[in-house]
Amino acid sequence: MSKKAGFLSSSIGKKFIMGITGLFLISFLVVHCFLNAFIFFNDGGLMFNIGAHFMATNWLIRAMEIVLFLGIILHIVQALVLTLENRKARPVAYHSTNGAANSKWYSRSMGLLGTLILMFLIIHLAHFWVVSRFTGIPTEDANGHEDLYAVMQVTFSQLWVVIVYVLAMISLAYHLMHGFQSAFQTFGLNHKKYTPLIKALGLWFSIIVPLIFALMPIAMYAGWVK
Amino acid sequence: MSHGNMNLTLKVWKQKNKNEKGRFETYDAKGISPDMSFLEMFDVVNEQLISSGKEPIAFDHDCREGICGMCSMYINGRPHGPKQGITTCQLHMRSFKDGDTIVVEPWRSAAFPVIKDLAVDRSSFDRIMSAGGFVSVNTGNVKDANNILIGKNEADEAFNAAACIGCGACVAACKNSSAMLFVSAKVSQLALLPQGQVEKQDRVLNMVKQMDEEGFGNCTNTGACEAECPKSISLENIARMNREYLGATLTQNK
Ligand code: HEM
Ligand code: SF4
Ligand code: FES
């Protein structure tokens with residue numbers, strides 16, 4: 001029989017990379033969401049800053065930060081490769097298509113939703129990551145920790161920022177609504193008993209996590225947490 | 001049953017050959033019975049075209065009963081038209097209303113070049129089959145049917161996968177022109193049964209390789225294929241193929 005192409009360059013292998021990086025990013029979301037939710041202690045950011053301090057000084061977390069960036073880059077590069085190849089696979093477009101008849105709009109819009117998330121990520125990194133790593137956090141809290149919480153408060157006192165964050169979380173929600181369960185299908189995990197559970201879990205995750213994230217800028221802007 | 005005959009406007013894709021650029025042509029379909037099939041409606045239009053000295057519309061068909069998979073037409077934005085679980089030959093004109101305009105296009109995919117008008121060349125599917133969609137081990141003479149025990153579940157799943165008629169609607173429906181549903185059905189129907197299991201690793205590796213070489217796109221699990229498949233082939237087959245492919249890559253000692 002003929003020679004075989006490598007796994008990672010095959011169409012299925014590329015999908016595995018999408019799925020693995022996607023699920024890895026989801027695991028990051030869990031940690032990120034959990035720690036950021038410390039702002040809801042409403043203690044002037046003391047708990048939140050303890051968490052932020054731990055994340056900034058723990059070597060394992062710092063190492064994972066590099067893995068995270070590589071994961072995002074791989075996810076984006078692979079998404080681009082897949083999207084370009086898929087375009088090439090249909091050189092002449094249909095005059096009329098009725099996609100709504102056979103699939104969810106967000107499953108057909110993963111590239112667009114991902115691009116919106118990417119644009120948000122750039123703004124988001126500039127707001128917090130660049131400040132905490134490079135330009136420096138100006139003040140300290142009562143525990144003597146760098147007051148990242150205060151940076152958040154200033155950032156989220158601007159209405160446009162709040163709106164951008166909320167829109168980005170809506171994009172993330174839809175991206176995950178398809179992506180979460182899609183990754184399991186890609187890995188070949190489709191089972192009469194477990195797939196309904198995975199789909200239900202994915203749906204709840206896609207709603208709850210972005211909702212908690214979106215509540216952070218809203219709560220700060222509205223003054224629910226001080 | 002001549003009551004309620006319909007007059008329709010057809011916007012049909014006309015294309016001389018795979019190299020020429022195509023365009024839409026508008027036709028009137030007059031006095032169409034709601035009991036006609038979509039293909040019979042085309043027969044009527046073509047007869048009128050021929051008798052008035054014009055070129056008929058080229059379209060593929062053979063069995064006209066939903067088993068050969070030839071009647072590829074993308075009708076009003078959906079493969080095989082507005083109904084679920086049927087081919088174009090099984091679509092009746094009663095699914096449309098008098099006065100409707102119907103847009104008819106060929107399957108559009110780099111791997112399915114247009115031969116003429118609505119007829120496309122699906123030999124890429126044949127080449128995928130030639131790459132591994134068969135059993136070549138010696139299975140001996142005809143045995144007693146119960147010699148090889150096969151569980152009811154496996155038998156049913158294999159049978160459901162084998163219902164695929166190779167029509168290409170999955171590719172046509174997919175926003176990525178992915179052939180994963182077709183290939184996974186063909187991989188599954190053999191991988192599930194004892195005599196096909198012997199070669200299952202080579203089979204999945206070779207068929208996927210051929211699929212990629214033919215220029216089909218990459219699956220993003222939108223599920224459009226399953227929804228439009230006239231034989232309701234399940235996405236579970238794609239998952240099975242993905243695991244078989246991973247397993248074959250990891251354990252093959254070649
Ligand atoms: C940064 C910009 C991003 C872009 C451009 C992007 C783009 C894409 C694209 C095009 C797909 C493939 C479509 C599909 O498989 O259905 C995809 C899948 C996926 N994405 Fe993203 N994405 C981005 C960020 C994220 C983030 C932040 C997460 C999670 C926190 C994520 C999770 C996923 C998951 C789980 C999948 C499904 C993988 C699979 O189907 O195998 N993506 N993404
Ligand atoms: S999987 Fe369904 S849509 Fe695809 S070729 Fe087979 S029968 Fe046609
Ligand atoms: S003509 Fe055979 S399936 Fe339609």
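The values are calculated or read from the model by the stated rules, or taken from the named source; none is laboratory data. Worth saying up front: this structure is predicted, and the values here are computed from it rather than measured. Don't worry about glycine lacking a Cβ; one is built from the backbone with ideal geometry, like all the others, and counts go over all protein chains shown. These accessible areas exclude ligands, DNA and RNA; they are computed on the full protein's heavy atoms, side chains included. Shrake-Rupley method; radii C 1.70, N 1.55, O 1.52, S 1.80 Å.
Within segment A:36-45, being surrounded by 16 or more Cβ atoms within 10 Å (Cβ to Cβ) and modelled with pLDDT under 95 holds for A:Asp43, A:Gly44, A:Gly45.
Per-residue answers, yes or no, for (1) under 23 Å from A:Ala222 (Cα atoms); (2) basic (Lys, Arg); (3) within 14 Å of chain B (Cβ to nearest Cβ):
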{"residue": "A:Pro91", "(1), (2), (3)": "no, no, yes"}
{"residue": "A:Ala101", "(1), (2), (3)": "no, no, yes"}
{"residue": "A:Ser109", "(1), (2), (3)": "no, no, yes"}
{"residue": "A:Ile117", "(1), (2), (3)": "no, no, no"}
{"residue": "A:Ile123", "(1), (2), (3)": "yes, no, no"}
{"residue": "A:Phe134", "(1), (2), (3)": "no, no, no"}
{"residue": "A:Gly144", "(1), (2), (3)": "no, no, no"}
{"residue": "A:Val154", "(1), (2), (3)": "yes, no, no"}
{"residue": "A:Val164", "(1), (2), (3)": "yes, no, no"}
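Here A:Ile207 clears all of (1) surrounded by fewer than 17 Cβ atoms within 10 Å (Cβ to Cβ); (2) more than 14 Å from the chain's Cα centre (by Cα); (3) of a type outside the set (Phe, Trp, Tyr) except the condition numbered (2). Please indicate, with yes or no, whether at least one residue in segment B:219-228 is facing chain A (nearest Cβ under 8 Å), acidic (Asp, Glu) and surrounded by 22 or more Cβ atoms within 10 Å (Cβ to Cβ). Taking every residue of segment B:219-228 in turn, at least one turns out to be facing chain A (nearest Cβ under 8 Å), acidic (Asp, Glu) and surrounded by 22 or more Cβ atoms within 10 Å (Cβ to Cβ). In the set (1) under 28 Å from A:Gly22 (Cα atoms); (2) in contact (Cβ under 8 Å) with a residue 24 or more places away in the chain; (3) crowded, with 24+ Cβ neighbours inside 10 Å, the condition left unmet by B:Arg203 is number (1). Being more than 10 Å from every other protein chain (Cβ to nearest Cβ) and out of contact with any Phe, Trp or Tyr (no Cβ under 6 Å at 6 or more places or on another chain) holds for only one residue in B:Val171, B:Val142, and it is B:Val142. Total residues in segment B:44-79 satisfying the condition of being open to solvent by 20 Å² or more (accessible area, probe 1.4 Å), touching a residue at least 60 places away in the same chain (Cβ under 8 Å) and small (Gly, Ala, Ser): the figure is 1.
For B:Gly166, the requirement of being within 16 Å of ligand 3 (Cβ to nearest atom), away from every other protein chain (no Cβ under 14 Å) and surrounded by 13 or more Cβ atoms within 10 Å (Cβ to Cβ) is met. Taken over segment B:42-76, the criterion of being touching a strand residue (DSSP E or B) at 6+ places or on another chain (Cβ under 8 Å), part of a loop (DSSP other than H, G, I, E, B) and either within 15 Å of ligand 3 (Cβ to nearest atom) or away from chain A (no Cβ under 14 Å) (or both) is satisfied by B:Ile57, B:Ala58, B:Phe59, B:Asp60, B:Arg64, B:Ser72, B:Met73. State all residues of segment B:237-254 that are more than 22 Å from B:Val135 (Cβ to Cβ) and open to solvent by 20 Å² or more (accessible area, probe 1.4 Å); if no residue qualifies, say none. If the condition is that a residue be more than 22 Å from B:Val135 (Cβ to Cβ) and open to solvent by 20 Å² or more (accessible area, probe 1.4 Å), then B:Leu246, B:Leu250 are the ones that fit.
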